[in-house]
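Below is one structure; the comments refer to it alone.
The values are calculated or read from the model by the stated rules, or taken from the named source; none is laboratory data. Just so it is clear, the structure is predicted and the values come from calculations on it, not from any experiment. Methodologically, a virtual Cβ is constructed for each residue, glycine included, from the backbone with ideal geometry; neighbour enumeration extends over all protein chains shown.
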Amino acid sequence: MIKNTLPETNLTKQDFYYDLPEGRIAQTPLKVRDSSKLMCVDKNTGELEHKIFRDIIDYLCEGDVLVINDSKVIPARLYGVKEDSGIDMEVLLLRSRGLDTWEVLCRPGRRAKPGTVIIFADGLLRATVTEVIEDGNRIVKFDYEGDNLYSVFDQIGHMPLPPYITEKLEDKDRYQTVYANERGSAAAPTAGLHFTPELLEKIKAKGVQIAPVMLHVGLGTFRPVKEDALADHIMHSEYISVTQESADIINNRKGRLICVGTTSCRTIESVATDDGKIQAISGDTGIFIYPGYKFKAVDALITNFHLPESTLLMLVSAFSSREIMLNAYEEAINNEYRFFSFGDAMLIH
């Protein structure tokens, strides 16, 4: 497990609170991905510019490297019934633990004791609870009809939208980046949702290289910070992977390193040496970034607008400053930006 030495701080989670009107939470994606608003923030001065996302190309230069997280969201929410009683059950896939074995969240949890069998889609898929682990999560073993478990998930699963999105998603692909490749996330790396294939081609034509890395986003990304003191918070872990090819692209770049999303940023900072060199590594990371953290490799960050008191807001505040970020968020609210997963974007540079 990759972790960082936490910087000393007196900051509390309340230091990252802001008041967000409910109407500012984006419930649905825009029809055109790259038509979102884009707020460009100078990380040192706080100077702001209001743009449209496709204008991002004007802020990228030849020799820059754009790091994307190519993890793919699986339809991780499954609805079934308990075999012996017919009670409705919900199973949320969290992460693969090996061949047909997954760590999951079951609701209602009290009905999912070891030995419990849950039936989905009239028997197309069966899950047997084998173990209860920390946080109340379960380990289940799946049995299914067909050659591929993922194809069964695709057939019967539902996209695991965050709890603050209450409207039905009409098109599953809109909670997926256009470059999603490696299946395994329980939530989308949402900063990447703004890119279109056409915009990516224009970016490449400008002489910007694209380096994919992978972080399988877990539901811990939505879990609230419970401890008041930041240093007391235990960060959730997520699986990351950086190939030698991507490490070489990043290490041999002529320009800046620009991460698309906090997931790409956490991946890069997890595998960077103190002198900023990127290593090809696969494994779990529990890196926790908040003000006081010294960035080793990332020069600029493309991200969405994050929840109050969240670890993601703490990360972007570390990249710029808490005061600059909270001011930018207030400006976004006043200018009717859309917030969270299907919301608008920010470039911190």
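Data for the structure
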item: Test set (1) surrounded by fewer than 24 Cβ atoms within 10 Å (Cβ to Cβ); (2) touching an Asp or Glu at 6+ places or on another chain (Cβ under 8 Å); (3) modelled with pLDDT under 95 - Glu238 fails condition number; result: (1)
item: Considering residues of region 18-28 that are touching a helix residue (DSSP H, G or I) at 6+ places or on another chain (Cβ under 9 Å) and either in a loop (DSSP other than H, G, I, E, B) or among the polar types (S, T, N, Q) (or both) only, the residue farthest from Ile234 (Cα to Cα); result: Thr28
item: Matching strands (runs of 3 or more DSSP E) fully within region 48-99 where at least 2 residues are within 20 Å of the chain's Cα centre (by Cα) and more than 30 Å from Gly123 (Cβ to Cβ); result: 65-69
item: Residue match in region 259-269 (condition: surrounded by 20 or more Cβ atoms within 10 Å (Cβ to Cβ) and basic (Lys, Arg)); result: yes
item: Residue that is crowded, with 18+ Cβ neighbours inside 10 Å and either not in a loop (DSSP other than H, G, I, E, B) or not assigned by TED's automatic domain parsing to the domain that holds Ser310 (or both), where the choices are Val213, Val217, Val225; result: Val213
item: Asp147 vs. criteria out of contact with any strand residue (DSSP E or B) (no Cβ under 9 Å at 6 or more places or on another chain) and in a helix (DSSP H, G or I); result: no
item: In region 162-186, the residues that are closer than 20 Å to Val91 by Cβ and in contact with a Gly (Cβ under 6 Å, 6 or more places away or on another chain); result: Ala186
item: Qualifying positions in region 46-74 - surrounded by 14 or more Cβ atoms within 10 Å (Cβ to Cβ) and acidic (Asp, Glu); result: Asp55, Asp64, Asp70
item: Verdict on Val178 being at pLDDT 95 or above and in the same structural domain as Thr263 (by TED's automatic domain parsing); result: yes
item: Exclusive hit being in contact with a helix residue (DSSP H, G or I) (Cβ under 7 Å, 6 or more places away or on another chain), touching a residue at least 24 places away in the same chain (Cβ under 8 Å) and within 14 Å of Ile68 (Cβ to Cβ), set Thr267, Thr303; result: Thr303
item: Which listed residue is touching a Pro at 6+ places or on another chain (Cβ under 8 Å), surrounded by fewer than 24 Cβ atoms within 10 Å (Cβ to Cβ) and in the same structural domain as Arg183 (by TED's automatic domain parsing), from Phe295, Phe340; result: Phe340
item: Residue check for Lys168: modelled with pLDDT of 90 or more, over 21 Å from Met214 (Cα atoms) and either outside the structural domain of Glu103 (by TED's automatic domain parsing) or of a type in the set (D, E, K, R) (or both); result: no
item: Region 219-235, subset out of contact with any strand residue (DSSP E or B) (no Cβ under 9 Å at 6 or more places or on another chain) and at pLDDT below 85, residue farthest from Val104 (Cα to Cα); result: Pro224
item: Qualifying residue in region 334-341 (condition: modelled with pLDDT of 95 or more, in a helix (DSSP H, G or I) and touching a Lys or Arg at 6+ places or on another chain (Cβ under 7 Å)); result: no
